[in-house]
Structure formats: C-alpha cells, structure tokens
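Structure first, commentary second.
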Amino acid sequence: MLIDSHCHLQYAGLVEQQAGVLDRARGRGVGGFLNISTRRSEWNAVIAAAEREPDVWASVGIHPHEADEHEALGMAELLTAAGHPRVIGIGETGLDYYYDRSDRAVQRDLFRTHIAVARETGLPLIVHTRDAESDTLEILADEIARGSFPALIHCFTASAGFAARVLELGLTISLSGIVTFKNARDLQDIAREIPAGRLLVETDAPFLAPVPHRGQTCEPAFVADTASYIAALRDVPVATLAEQTTANFFALFARASA
C-alpha cells in the first residue's frame, strides 16, 4: 500500500471528479490520502472530504502565498480547526521567496504561528519552502530549540546541504513527481541518500505530474509512478519502498493511525 502524503483534492481538475480520482488511485494501490489546505476558506471542504472518505485525512493551514490575506489569523482559530479528529497535520505553511506573493515578514510570522500550533497539538507541521532555505532553517532551528514538534518538508526540491540540516533537526522529507524529471539530477542524488525511515512520497496533485504523465493534470494515482522511480533510484523493490513510506507516514501522522 502507498500513501499520497500531500494532495489537493479540492482544487480544480480534481474536485469535479473527486470520487473517480480516489477510485483510480485505490486501483493502483494507494490506500491513503492527506488532503492539504492552503487557505482558511478551504478548511471546511477539506475536512468534509475526510469525513466522507475513511482513507482521506485533512490538514489545516495557510500557504505562504496566502499569508497577506491571513495576517490576522492567530493560534486560536488554527487550534480549534486542528481539534477535528480527521485533521492530522498543520499546514501547509512555510516560506516562498520565489514568487513573493506575500510580504516576507508576514510569511515568517505566520510560519511561527503554525509551528506553535504544531507544538501544542503534537500534529506534524507540513512545510513548504522555495528559495528560502536560510530563513526556513533559521526559524525551524530556533523554534525546535524552544520545544520540539514533528515536521516534514513537502515536495522537497532544495539543496543537499538543506536536506542534511533538516534531517539533523529531525524532520522527514517528502518527494514528489519532480524527482522523475530529467533535469532533477541533484534531487535524484538526494533521493538515493535519504534514510529509509525519514522518507515519504506525494503527488502535490493536481500539480507536478511525474513521468510518464508530464503535461497532464496530476492525480493521486500517479504517486505509484513516483514511488516506482524512487525505488529504482534506491535499488530496492517498489513493495519495500511502499511498505517503508507507509510505515513512516503512520509513525509521523499518529492521529491517522488512531
């Protein structure tokens, strides 16, 4: 069994045919889906999908692109939403300096708010970072020193040095279909070296369809293609990789096991 540890079932391209999308993934051995929110207005829909489908879970959080629109969001609202039993993660949150769609200081403040909620609830923090390695590491290290919390870097595309540092801090790394791209040689090298117990797989659907689906709307079913590619990189049977990443998912997202 595989778990798609990061998808957006409420996004256009998937929501219109959500039941079919899930059935196609199940037909390829995907037995669980973490449906990720990126703005406050999505929380109800993300949670509702998790209430309907026993193999779908939800996260609550604010993507850094949306930080300016949620500058006033405090811990209380996140904590209330995080209390729902089908919510198993906090995020996605983090820093994105590539597009700079929100003020960087606001992004950093909201990132720390999410961290505080992850620490208080024990739910894993789902981190997005792009062109912001230094600030992401500084905030993570500073906050972990104040009190530990579980966390992962989703859709990892950063440097080997960043990978080494987040692993030292105790984080998990999740790989998306980007690892299958021809120009992703550095990422492929990193994928070979991630400790087996600290690796997850995801689609980030409807984005980033892996080879051989480039150019298509990405679906959670395609996590099987990404997993097969990573297994070949790591020279292990795909069944072994599936078993490892699924065990890692339930170890990290403990509420999903409950």
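Any read-out appearing in this document is the output of simple, stated calculations on the displayed coordinates, not a laboratory observation. These numbers were taken from a predicted model, which means no experiment stands behind them. Methodologically, a virtual Cβ is constructed for each residue, glycine included, from the backbone with ideal geometry; neighbour enumeration extends over all protein chains shown.
Descriptive notes on the structure:
- Approximate spin-label separation GLN18-ALA251, in nm, with each point projected 7 Å along Cα-to-Cβ: 3.2
- Shown for ILE173, ILE144, ILE90: other C-beta atoms within 10 Å of each C-beta, ranked fewest to most, produce the order ILE144, ILE173, ILE90.
- Among complete DSSP H helices in the chain, those whose alpha-carbon atoms stretch at least 15 Å along the helix's long axis and whose mean Kyte-Doolittle hydropathy reaches -0.5 are 104-121, 133-146, 223-234, 238-252.
- Of the residues VAL30, VAL201, VAL15, the one with the fewest other Cβ atoms within 10 Å heads the list, and the complete ranking is VAL15, VAL30, VAL201.
- Gaussian network model of the chain, springs between alpha carbon atoms under 10 Å - residue of VAL106, VAL236, VAL179 with greatest fluctuation: VAL236
- Taking the fewest neighbouring Cβ atoms within 10 Å as the starting point, the ordered list for TYR11, TYR229, TYR99 is TYR99, TYR11, TYR229.
- Cβ-based net charge around ALA224, under 13 Å, with every Lys or Arg adding one and every Asp or Glu removing one: -1
- Seen through its C-alpha gyration tensor, with square-root eigenvalues sorted a ≥ b ≥ c, the stretch 96-197 comes out oblate because a/c lies at 1.5 or above while a/b is not bigger than b/c.
- Peptides 36-43, 250-257 ranked from most to least packed, by the mean per-residue count of other Cβ atoms within 10 Å: 36-43, 250-257.
- Candidates GLU53, GLU143, GLU168, ranked by Gaussian network fluctuation over the chain, Cα under 10 Å, top entry: GLU168
- Residues considered: ASN248, ASN183, ASN44. Largest GNM mean-square fluctuation over the chain, using C-alpha springs under 10 Å, is found at ASN183.
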